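A.B. asks: Pasting a structure below so you can have a look.
Each reported figure results from applying straightforward, stated rules to the coordinates on display, with no laboratory input. The structure displayed is predicted, hence computed values, not measured ones. Cβ placement follows ideal geometry from the backbone for every residue including glycine, while neighbour counts extend to all protein chains displayed.
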Amino acid sequence: MPRYRDLTHTARPSDAPRVFEPKNPIRTTDPGALQMLKMVEEQKIETVFDRAVAQHPQCAFGYKGICCRICMAGPCRVKTEEGPGSRGLCGASAYTIVSRNIVRLIAGGAASHSEHARHVLHTAHAMLEGHAPDYKIESPAKLQKLAQDLGIATLDRADADILRDVVEVGYADFGRYQDRPLAFLDSFLTEGRRKKFLATNIMPTAIDKSVTELIAQTAMGVDSDPVNIIFGGLKCSLADLGGEYIGTKLSDVMFGIPQPIVSEANLGVINEKMVNIAAHGHNPVLSEMIVAAARAMKDDAIAAGAEGVNVVGICCTGNELLMREGVYMATSSASQELAILTGALDAMVVDIQCIYPAVQTLAECYHTKVITTEAIMKIPNAQHIAFNTATALEDAKKVIGIAIKAFKNRDPKKVNIPSEKHSIVAGFSVEALMEIFSKVNPDRPISVLTDAILSGQLKGVVLMAGCNNLRRPQDEGHVAVLKELVKNDVFVVSTGCSSGAYAKFGLMSPLAVEEYAGEGLKSFFKMLEAANPQLATGLPLVFHCGSCVDNSRGMDLAIAMANELGVDTPKVPFAASAPEAMHEKAVAIGSWCVTMGLPCHVGSMPPVEGSDLVYGVTTQIAHDVFGGNFILEMDPVIGARKILDALEYRSWKLNVHRKAAEKFETSLAQGW
Ligand code: NFS
Ligand code: SF4
């Protein structure tokens, strides 16, 4: 780990409380959520906020990662005392148990992301075979670029033929048995990263193999070497990154590259006069069809007495729809149940991931219908409509039909919609950002960003990502970290429920720039806006670059910067932050960020404190090997200061070496 100018910035977190007032059920700062909770206060409805209180105090063994449940002789809990109690029954030490537990979270994350990607691949494949008539190639330009990156010939070839080859490479990436790197991953790596991954033996060859191998590696009586286990985990995290690339890139090919778009966010987007249906989950393969069906069935909604069908998004599928279709963002992870409490949500259609089973329990108190769609995701008592890509639009119309029918049963006495909503600007794919930069420098658009960093106008770039974790109030971390970063002239892009937070708070808007951005950031935006008179609105304080799978877009941006600066990723003033990380997917993402050479702040303590060795590897040694490390800090403002430290360290070094290279007319030194 580097030595920072701020000497209090060590590998240890500050003594900020790990859990905010454990008995306080007001565990959100989201203004819409607070308004909603107030409106139903009298009714004593149980939500995640009450259950979070009920779960505290949490088991200290589990919290530190020293509870092993990998075999049925357990659970074994490692005690701090000397002697037999200091190990599991089989003799596994704390470092073995902690490392096994944490990498199994990575395996869960990689399995989840790649399941999503596999579904997109299957849909593309079915489309090519003529079995998915409702889908098409929306962006031939993205397909061309993707094929070129993968080394697939494009000249004089039909789009369908190119896509067929791309899909084949994608499938091979799931199940390849030859000792060759994952093609989607290898297609964008810097030379430095490629060498590093080969040298450390963590270059994955296939996604499914990386997951199963890691489960096998960490089974009872297999690997007990914590470093070897962690390296297995990092390999799997890179497979996760490859899977995310498959998901993002093919979604862009089939549903379009996101472009700047104006929309609205927070619970106030639920419209009393409309049939309201929430799309919740992750995969655009389903939600894009829901939007199409909703548009097609407007007249049916009118016939039922509504003004139309209002699709609103929750969590990452909300992000996908917001970016490509301008669909309103109703809410994000921890407040998902509250959409039902409005009494005006007629249906919630879900696919996979981050969906609380509690939504069905609550829906039963209202007229709301919860509809599951995936074979691997059912909820007892919810209606299941098997979503089939062969009959996609028809299936989606069934869902809308259920919502319209439910609308007729809506009880007006139970309708309580918070007024809170904000205008936002979203849809900043890397392509969209480059388009904006290209108006300043058409030949090397990315240099607009890197030059601003080298000149000191900007401090760097931060990717804000992931989740809510109710150990602390919802969105408190996301908002506090952002405000601190932008005040200090950091260019911020966001994904997942971090985007959800900023959208709901009105921070994803040009209006927020004047109030929160530092002078450098403001002048950078002014310069971009002056060069881009075609933009319908000003630039937002934070740039929405998609769902969690779209963290791959963040990585694309970091790599473009590295290539422009002539260095590898560990030298780029680019960091990531997940102030409220919760899901296994967040562990996978954080791990590849570090492996890709980026500092990664996490604001909810992962279960690594049970082993000093594992703690030290994640926060310090990782930096020596890969150039990135975890910054585990629960206080969001201190967390942001630590991120700023890491950015400053990088831009300072970069400038010193660049100046030396210029002075002596040599190429940029690389050995630092
Ligand atoms: Ni990401 Fe998206 Fe949200 Fe966390 Fe869940 S919705 S994939 S995992 S909770 S950010
Ligand atoms: Fe206990 Fe070892 Fe089994 Fe884990 S693998 S539960 S430490 S006996």
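A.B. asks: Treating only the Cβ of Lys, Arg, Asp and Glu as charged (+1, +1, -1, -1), what charge dipole size does the chain show about its Cα centre? Round to the nearest 20 debye.
C.D. replies: That gives the chain a dipole magnitude of about 960 debye.
A.B. asks: For the ranges 234-246, 41-53, what's the packing order if you count other beta-carbon atoms within 10 Å of each residue, average per peptide, and put the highest first?
C.D. replies: 234-246, 41-53
A.B. asks: Round to the nearest 0.05 the FRET efficiency obtained for residue 82 and residue 51 when R0 = 30 Å and r is the Cβ-Cβ distance.
C.D. replies: 0.20
A.B. asks: Oh, and also: Quick one, could you list the DSSP H helices from the chain stretching 20 Å or more along their long axis (Cα atoms) with average Kyte-Doolittle hydropathy of -1.0 or above?
C.D. replies: 94-128, 159-175, 226-255, 392-408, 551-565, 636-663
A.B. asks: Let me ask another. Place +1 on the Cβ of every Lys and Arg and -1 on the Cβ of every Asp and Glu in the chain, take the dipole about the Cα centre, and give the residue among 269, 16, 102 whose Cα lies farthest towards its positive end.
C.D. replies: Result: 16, furthest along the dipole toward the positive end.
A.B. asks: Per DSSP H run of n ≥ 4, the term is -39500 (n - 2.57); total these for the chain, divide by its residue number, and report the mean residue ellipticity at 222 nm rounded to 500 deg cm²/dmol.
C.D. replies: Estimated from H runs of four or more residues: -14500 deg cm²/dmol.
A.B. asks: In this model, which of 142/585; 235/642; 23/79; 145/439; 585/653; 378/585 are farther than 23 Å apart at the alpha-carbon?
C.D. replies: 142/585; 235/642; 23/79; 585/653
A.B. asks: Determine the equivalent ellipsoid of the chain by diagonalising the alpha-carbon gyration tensor, then write out the semi-axes as square roots of 5 times the eigenvalues, largest first, rounded to whole Å.
C.D. replies: Semi-axis lengths for the chain are 36, 31, 27 Å.
A.B. asks: Would you please classify the overall shape of the stretch 564-633 from the alpha carbon gyration tensor, given that a ≥ b ≥ c denote the square roots of the eigenvalues, rounded means a/c under 1.5, and beyond that prolate means a/b larger than b/c while oblate covers the rest?
C.D. replies: Cα axes put the stretch 564-633 in the oblate bin.
A.B. asks: How big, in percent, is the set of alpha carbon pairs in the stretch 167-212 lying more than 15 Å apart?
C.D. replies: 40 percent
A.B. asks: May I pose another question? In the stretch 384-530, if the dipole is taken from +1 on Lys/Arg beta carbons and -1 on Asp/Glu beta carbons about the Cα centre, which of 524, 391, 507 is farthest to the positive end?
C.D. replies: So the residue furthest toward the plus end is 391.
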